[in-house]
Amino acid sequence: MKRPDKLSKTFCTAPWVHAYYDSTGQRFPCSIIYLPPPDEDPLNYDTQRSLEEWRNCDTQVQMRKDMLDGKVIRECNHCNVGFGEQRRVEKVYKDYWNSTYNSLIDEIFDKTEPDGTTTFNPVSFDYRTNIKCNFKCRMCTPFQSSAIYDEVVNNNITDHIGYYNRNDIEEIDWVTKKHYENEILDKEFLEAAHSGRLIDINFAGGEPLLLPIHWDVLDTLIENDNASNVEIRYQSNLSLISYRGKHLKDLVPKFKSCAFQASIDAGGAAGEYLRTGLNWNKWKRNYIELNNTWKDIPKINFWPQASITIFSIFGLDELCQFMSEQDISLIDIQLVSASEKITMLSPYVLPDNVKQDWLDYYFSVIKKYNNTLHSNVYNHLYKFGEKISEPLNAVPGMGSWKNFTIEQKERNKINSYKYLKKLDDIRGSDMNIFLQNIPSLQKWFNEIRDAGLA
């Protein structure tokens, strides 16, 4: 079909260029899709399709047709809402897809029919074909981390720990899922690497650097002389940077470009509390080793990525000090997505007076580093604090929090506190070590605790 003079406001290249498979065992158009609850008749995401079958299945075809017709799509709600409702400070995800693949839009239209079917082959892959991970981050789930999965099973944690449209680990046939990943998806990924059509790969997990398929794909692209045409992206916990004699610092420069986000939600003891399994000193050593190798290579961007929770500010001092010492010029910050069990991690559920005390603590830390942090990092941290200062109609991950009844909010907070306390009991940690730094915050947590005992 002919490309229109003006693209519709809802158009996004992702349903054409991207092949995404989530750790829940489902194919989606992208990694931040909004899934309506079952009573709102959500689209069907079949888990056992090959990429060829998925490309023109009813779900994908209808989404493309709606975009071409300019219809607002529920599944794109995380991008359709205004910047004020975003977890990040800048840009929605759709902006990334449309700017990155702007040069392919003519080809997309040439290979697409008005009914939404297409012969365009995906050039971007993000296959999270394994939940293997050595961390148990408090904002994570057993659908994304094998360490949390084992913890849930071994401790008989039966509470709903949902992710996307999955609530219980029993909802997934893990044996069938693993067979599908090994026999179909890993082969598809390697085939794409062999084909020469790949131009972008995102590696996430689980922890991608623990997975053999990650290293196999890199090797394949390098051996076929295709690496120089491929941009690679990472979200990694940076617990390891080499694998079976292969070192990331040597392989990455062979690619067209690399954007590497090293996850770290706080430094020091608070960081190790939030990300059970983290060794702060080892993380710093790995960061320094990669940074020293890559810092003079313009095509490689390497920066910390933080998902900010109520507890993050208690390790912000150590993180800012490290970033100052290393003259880190970039950081990516997003607000924690507060699913039901981790509601108590979100600053947006704090009472106004407690939230202000929390913000005062936050700003008091970053202002100490006004003259030592790189200006980009300082300004980004400051903008994030300003964003949290503003009222938000929806708590990211929880939907319209303002529309919850008082009883619903209290019940949710009590259940979340109980879940976080259960993790403390299992892991031998204590949230109060950090909460005591802000008396009003400690008092509020204790009130939630006491309400749950009543």
Task: Farthest positive-ward along the chain dipole, Cα basis, beta-carbon charges - from Thr117, Tyr20, Thr59 - done: Tyr20
Open item on the list: I want to check the label-to-label distance for Asp150 and Tyr96. Put each point 7 Å from Cα in the C-beta direction and report it in nm to one decimal.
Closed with: 3.0 nm
Task: Normalised alpha carbon radius of gyration of segment 284-384 [divisor 2.2 N^0.38 Å] - done: 1.18
Open item on the list: Is there a quick way to get the dipole size of segment 90-226? I mean about its Cα centre, with the Cβ of Lys and Arg at +1 and of Asp and Glu at -1; what is the value in debye to the nearest 20?
Closed with: 420 debye
- [ ] Could you pull the Rg and Dmax for segment 202-348, using just the Cα atoms, both in Å?
- [x] 16.0, 49
- [ ] Within segment 223-275, list the trypsin sites (Lys or Arg not before Pro) lying in a DSSP loop whose Cβ has at most 11 other Cβ atoms in a 10 Å radius.
- [x] Arg244
- [ ] Could you tell me which of rounded, prolate or oblate describes segment 352-393, using a ≥ b ≥ c as the square roots of the eigenvalues of the alpha-carbon gyration tensor, with rounded for a/c under 1.5 and, failing that, prolate when a/b is larger than b/c and oblate otherwise?
- [x] oblate
Task: Local electrostatic count, Gly385, Cβ distance below 11 Å [Lys/Arg +1, Asp/Glu -1] - done: 0
Task: Cysteines (scope the chain) whose Cβ has no counterpart Cys Cβ under 4.7 Å - done: Cys12, Cys30, Cys57, Cys76, Cys79, Cys133, Cys258, Cys320
- [ ] Pairs of Cα atoms under 8 Å, at least six residues apart: use those to get the relative contact order of the chain, whole percent.
- [x] 13 percent
Open item on the list: With a 1.4 Å probe and all protein chains left in place, how much accessible area per residue does segment 313-415 have, in Å²?
Closed with: 45 Å²
TODO: Express in nm, to one decimal, how much length is gained between Asn281 and Ile297 on full extension, taking 0.36 nm for each residue of separation and deducting their alpha carbon distance.
DONE: 3.3 nm
Task: Label point distance in nm, Asn80-Asn224, each placed 7 Å from Cα along Cα→Cβ - done: 3.7 nm
Open item on the list: Rounded to the nearest percent, how much of the accessible area of the chain (1.4 Å probe, protein heavy atoms only) is carbon and sulfur?
Closed with: 47 percent
Open item on the list: Under the 0.36 nm per residue contour assumption, what length would be gained going from the current alpha-carbon distance of Asp425 and Ile288 to full extension?
Closed with: 45.9 nm
Task: Pairwise centroid distance, computed over Cα atoms, of segment 318-374 with segment 153-226, Å - done: 31 Å
Task: Cβ crowding within 10 Å averaged over residues, with 425-433, 382-390 ranked highest first - done: 382-390, 425-433
Open item on the list: In Å², and per residue, what accessible area does segment 130-248 have when probed at 1.4 Å with the other protein chains present?
Closed with: 42 Å²
Task: For the chain, size of Cβ-based charge dipole, Lys and Arg +1, Asp and Glu -1, in debye - done: 880 debye
Task: Lys, Arg +1 and Asp, Glu -1 on Cβ, resulting dipole of segment 183-291 about Cα centre, debye, nearest 20 - done: 480 debye
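Looking at segment 106-150, which trypsin sites (Lys or Arg not before Pro) are in a loop (DSSP not H, G, I, E or B) and have at most 10 other Cβ atoms within 10 Å?
Loop-located and lightly packed - none at all.
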TODO: Would you calculate the separation in nanometres between label points at Lys9 and Glu340, each defined as 7 Å from the Cα along the Cα-to-beta-carbon direction?
DONE: 3.4 nm
Task: In Å, descending, principal axis extents of the Cα set of segment 94-137 - done: 45, 21, 16
Task: Extension reserve of the Ile105-Ser440 stretch, reckoned as 0.36 nm per residue once the Cα distance is removed - done: 115.3 nm
Task: Which of Ile297, Leu359, Ile310, positive extreme of dipole for the chain (C-beta unit charges) - done: Leu359
Task: Intensity falloff of segment 128-221 expressed as log10 I(q)/I(0), Debye formula with alpha-carbon point scatterers, at q = 0.22, 0.24, 0.25 Å⁻¹ - done: -1.14, -1.26, -1.32
TODO: Please name whichever of Gly271, Leu198, Ile241 sits farthest to the positive end of the charge dipole of segment 177-290, dipole taken about the Cα centre and charges placed at Cβ: Lys and Arg +1, Asp and Glu -1.
DONE: Gly271
Open item on the list: On the principal axes of its Cα set, how long, how wide and how thick is the chain? Give whole Å, largest value first.
Closed with: 62, 52, 47
Open item on the list: Checking the cross-link filter: which lysines have an alpha carbon closer than 18 Å to that of Lys132, excluding same-chain neighbours under 8 positions apart?
Closed with: Lys177, Lys178
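The values are calculated or read from the model by the stated rules, or taken from the named source; none is laboratory data. Because the structure is predicted, anything quoted here is derived from the model rather than measured. Positions of Cβ are generated from backbone atoms using ideal geometry, with glycine treated the same way; all protein chains shown enter the neighbour counts. Heads up: the accessible areas ignore ligands, DNA and RNA and are worked out on the full protein's heavy atoms, side chains in. Shrake-Rupley method; radii C 1.70, N 1.55, O 1.52, S 1.80 Å.
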